[in-house]
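In what follows, a single structure is set out as structure tokens and then discussed.
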Amino acid sequence: MLTYEHCTLCPRACGVDRSRGELGFCRMPGTALAARAALHYWEEPIVSGSFGSGTVFFSGCTLRCGFCQNYTISLEQYGAPVDSSRLRDIFLSLIDEGAQNINLVTPTHFLPDILPALTPKLPVPLLYNCGGYESVETLRQLEGLIDIYLPDFKYSDRQLAAQLSGAGDYPEVAATAILEMVRQTGPCVVQDDQLLQGTMVRHLVLPGCVDNSLGVVDWFADHFPDGSVFFSLMAQYTPLGPVSKTPPFDRTVTEEEYAAVESWMELCGIDHGFVQDFAAARRDYVPDFDLTGI
Ligand code: SF4
């Protein structure tokens, strides 16, 4: 059972009692907070589709990456309380607006409030959109509920993971978590240009960190050579978070850096997924976190 008491929802396993006001690494209370719920058009085409992805952005994060473009909600705790009943209403309202799926962004630390809102099963696919740093024990509680996992695989470099997210064990933890996600969903299923089921692994190229990206591509190519799992390469790094004044994170990715990772993907035979347009590095990708839809 997933609970805020003695919290072990994520691999940090802080063991704090969030139901009594104790705070762990994520700094999040024992009540779900969200900052925006709206149709979102900036995901991959098979996720956003023509009608938009019904996206709920939860506040806080178990990774607290120093480069996070959504830092106002992930690091600064901006958001409003949403209990299970309100969440259910939000999901149904987004579906009424035409959402082709419900997209839970950074939900792990609020699962005790989110899970009751997921039954009865929603009439559109349910996406679990997360940073990849997940506990297998927690993921097992989601089996049968999640249609699509959208995990990041941010780091193959432990030192970088420790520096930017305080998680030196990220490469091993994320790899294990992604294998569990794929076990649950099976291969990707696309129908009428819409992702209905499966796992798509995202990787954001960071400035000055090409080797980190090549390591992620290597791991993915080794484990999913058959095209059953999609890979999405992202160029949209924008210097906005707390490390945005520290080189090399004070700049966007260069065209050469991005091309190097893209070429390695091709050489490794990864042709099942998406490569974001290089021009994507801009602030337009950061939604307005103004409690819309909450
Ligand atoms: S969800 Fe938060 S409090 Fe719970 S283990 Fe993870 S970081 Fe710690």
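Taking trypsin sites (Lys or Arg not before Pro) as exposed when DSSP calls them loop and at most 12 other C-beta atoms lie within 10 angstrom, the chain has its longest site-free stretch at 122-244. 3J(HN,Hα) along region 48-59, derived from phi through the Karplus expression 6.51 cos²θ - 1.76 cosθ + 1.60 where θ = phi - 60°, amounts to 6, x, 7, 9, x, 9, x, 9, 10, 8, 7, 7 Hz, with x in place of Gly and Pro. For GLY24, the amide hydrogen comes within under 5 Å of no other amide hydrogen, counting only partners 5 or more places away or on other chains and with H modelled in the peptide plane.
Could you rank the peptides 48-57, 101-110 by their average count of other C-beta atoms within 10 Å per residue, with the highest value first?
Ranked by mean Cβ neighbours within 10 Å, highest first: 101-110, 48-57.
Suppose R0 equals 25 Å. What FRET efficiency, 1/(1 + (r/R0)^6) with r the Cβ-Cβ distance, do ASP193 and ASP218 give to the nearest 0.05? Mind dumping the intermediate values first?
Numbers: r = 30 Å, r/R0 = 1.19.
With R0 = 25 Å, the Cβ-Cβ based efficiency is 0.25.
In the chain, carbon and sulfur make up what percent of the accessible area (probe 1.4 Å)?
51 percent
Within the shell of other residues whose beta carbon sits under 13 angstrom from the beta carbon of GLY132, the net charge comes to -3, with Lys and Arg scored +1 and Asp and Glu -1.
Can you give me the C-alpha center-to-center distance between region 228-294 and region 65-87, rounded to a whole angstrom? Their Cα centres are 21 Å away from one another. On the principal axes of its alpha-carbon atoms, the chain has extents of 48, 42, 34 Å, going from largest to smallest. Considering only THR8, PRO29, PRO112, and ranking their Cα positions along the charge dipole of the chain that arises from unit charges at the beta-carbon of Lys, Arg, Asp and Glu, the one farthest toward the positive end is PRO29.
Based on protein heavy atoms only, the chain ends up with 41 Å² per residue of surface accessible to a 1.4 Å probe.
Here the chain is assigned +1 on the Cβ of each Lys and Arg and -1 on the Cβ of each Asp and Glu. Its dipole about the Cα centre then comes out at about 940 debye. Taking the helices alone, the chain has a mean residue ellipticity at 222 nm of -8000 deg cm²/dmol, built from -39,500 (n - 2.57) per DSSP H run of at least 4 residues and averaged over all its residues.
The values are calculated or read from the model by the stated rules, or taken from the named source; none is laboratory data. In this text, all values refer to a predicted model and were calculated from it rather than measured experimentally. Cβ coordinates were reconstructed from backbone atoms using ideal geometry, including for glycine residues, and neighbour counts include every protein chain displayed. Just the protein is used for accessible areas: all its heavy atoms, side chains included, with ligands, DNA and RNA removed. Shrake-Rupley method; radii C 1.70, N 1.55, O 1.52, S 1.80 Å.
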